[in-house]
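Q: Starting off with a structure, shown below.
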Amino acid sequence: MQIDNREFRDALGTFPTGVCIITAHPQGQKPFGMTANSFAAVSLDPALILWSLQNSSDCFDGFSAIDKFAVSVLASDQLALSDQYARRNSHDLKPQHFRLGKSGLPIIRGAVSSFECNIWAKNPGGDHVIFIGEVTHFESNANKQPLVFSSGQYCALR
Ligand SMILES: Cc1cc2nc3c(=O)[nH]c(=O)nc-3n(C[C@H](O)[C@H](O)[C@H](O)COP(=O)(O)O)c2cc1C
């Protein structure tokens, strides 16, 4: 089957996801973050999660320089943050947007949940790299509603 890129993207987009900001702080550099919806659970024991990074991303060098990262799952009122950290050349974290987690990683303030991870594996995945993280700490706030992304649109759960 000949795969049309646009149609393939649109078909993948029919799978609704949450929205995260993946953050990291390479030594000697500024803390940075990138919006991602490729986050998924992998394993309970050990506690593993994954997300994937476009090889062409501005953040590629930053994520190549780290051995740990954090995932912050955005709340329904954090659409502006999602847009901000999805823009090109807009990945330096603003001080008011983050606090430090237990392992010293930047965590987005007001997120529904966060997962601090050591990199467990990094596997090639076509035009993406798949990061598998071993969760060292996590936090979750059951009272918050997540931001949802579906067919290229943000929405919230009713
Ligand atoms: C809702 C949403 C989800 C995204 N998910 C991912 C993702 O999982 N992986 C990824 O590499 N880029 C993802 N992006 C794109 C990046 O956030 C960023 O916009 C893109 O990499 C282009 O900017 P850059 O070259 O500065 O990285 C997503 C963007 C949006 C708006």
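Just so you know, all these numbers are worked out from the coordinates, no wet-lab data involved. Here the structure is a predicted model, which means the values were calculated and not measured. So basically every Cβ, Gly included, is an ideal-geometry build from the backbone, and we count neighbours across all protein chains shown.
Q: If you take the residues of segment 1-36 that are more than 28 Å from residue 77 (Cα to Cα) and of a type in the set (Asp, Glu), which of them is nearest to the ligand (Cβ to nearest atom)?
A: Here the answer is 7.
Q: Also, quick follow-up: Being within 15 Å of the chain's Cα centre (by Cα) and within 11 Å of the ligand (Cβ to nearest atom) is the filter here, so list the residues in segment 60-80 that pass it.
A: Those that are within 15 Å of the chain's Cα centre (by Cα) and within 11 Å of the ligand (Cβ to nearest atom): 60, 62, 63, 71, 74, 79.
Q: Specify the residue that is nearest to residue 153 (Cα to Cα); the eligible residues are those in segment 27-39 that are surrounded by 13 or more Cβ atoms within 10 Å (Cβ to Cβ) and out of contact with any helix residue (DSSP H, G or I) (no Cβ under 6 Å at 6 or more places or on another chain).
A: 37
Q: Sticking with this structure for a sec: Taking segment 103-113 on its own, how many of its residues are polar (S, T, N, Q) and either assigned to a strand (DSSP E or B) or more than 20 Å from residue 67 (Cβ to Cβ) (or both)? I'd like the intermediate steps shown before the answer.
A: Taking segment 103-113 first, the residues polar (S, T, N, Q) are 103, 113.
Subset that is either assigned to a strand (DSSP E or B) or more than 20 Å from residue 67 (Cβ to Cβ) (or both): 113.
Residues that pass the stated criteria total 1.
Q: Just checking, which of 100, 105, 93, 79 is free of Cβ contacts under 8 Å to residues at least 40 places away in the same chain and among the hydrophobic types (A, V, I, L, M, F, W, C)?
A: Residue meeting the stated conditions: 100.
Q: Go through segment 114-158 residue by residue and tally those that are assigned to a loop (DSSP other than H, G, I, E, B) and crowded, with 16+ Cβ neighbours inside 10 Å. Before you say what the answer is, go through the steps one by one.
A: Applying the first criterion (assigned to a loop (DSSP other than H, G, I, E, B)) to segment 114-158 yields 126-127, 141-145, 151-152, 157-158.
Retained after the next criterion (residues that are crowded, with 16+ Cβ neighbours inside 10 Å): 144.
So the count comes out to 1.
Q: Another question, if that's okay. When you scan segment 74-92, how many residues do you find that are crowded, with 19+ Cβ neighbours inside 10 Å, in a loop (DSSP other than H, G, I, E, B) and of a type in the set (A, V, I, L, M)?
A: Residues in segment 74-92 being crowded, with 19+ Cβ neighbours inside 10 Å, in a loop (DSSP other than H, G, I, E, B) and of a type in the set (A, V, I, L, M): 1 in total.
Q: While we're looking at this one, here's another question. Do you know which residues across segment 37-59 are within 12 Å of the ligand (Cβ to nearest atom), touching a residue at least 24 places away in the same chain (Cβ under 8 Å) and not in a loop (DSSP other than H, G, I, E, B)?
A: Quick first cut of segment 37-59, residues within 12 Å of the ligand (Cβ to nearest atom) only: 37-40, 50-59.
Remaining after also requiring touching a residue at least 24 places away in the same chain (Cβ under 8 Å): 37-39, 50-56, 58-59.
50, 51, 52, 53, 54 - these are the residues of segment 37-59 that are within 12 Å of the ligand (Cβ to nearest atom), touching a residue at least 24 places away in the same chain (Cβ under 8 Å) and not in a loop (DSSP other than H, G, I, E, B).
Q: Test residue 62 against the criterion of being outside any strand (DSSP E or B) and at positive phi, and give yes or no.
A: no
Q: Filter segment 139-152 for residues that are free of Cβ contacts under 8 Å to residues at least 40 places away in the same chain and over 13 Å from residue 76 (Cβ atoms) and give the result.
A: Result: 139, 140, 142.
Q: Now, a different point. So which of 95, 106 is exposed (fewer than 12 other Cβ atoms within 10 Å of the Cβ) and more than 30 Å from residue 10 (Cα to Cα)?
A: Details: 106 fails: exposed (fewer than 12 other Cβ atoms within 10 Å of the Cβ).
Of the residues listed, the single one that is exposed (fewer than 12 other Cβ atoms within 10 Å of the Cβ) and more than 30 Å from residue 10 (Cα to Cα) is 95.
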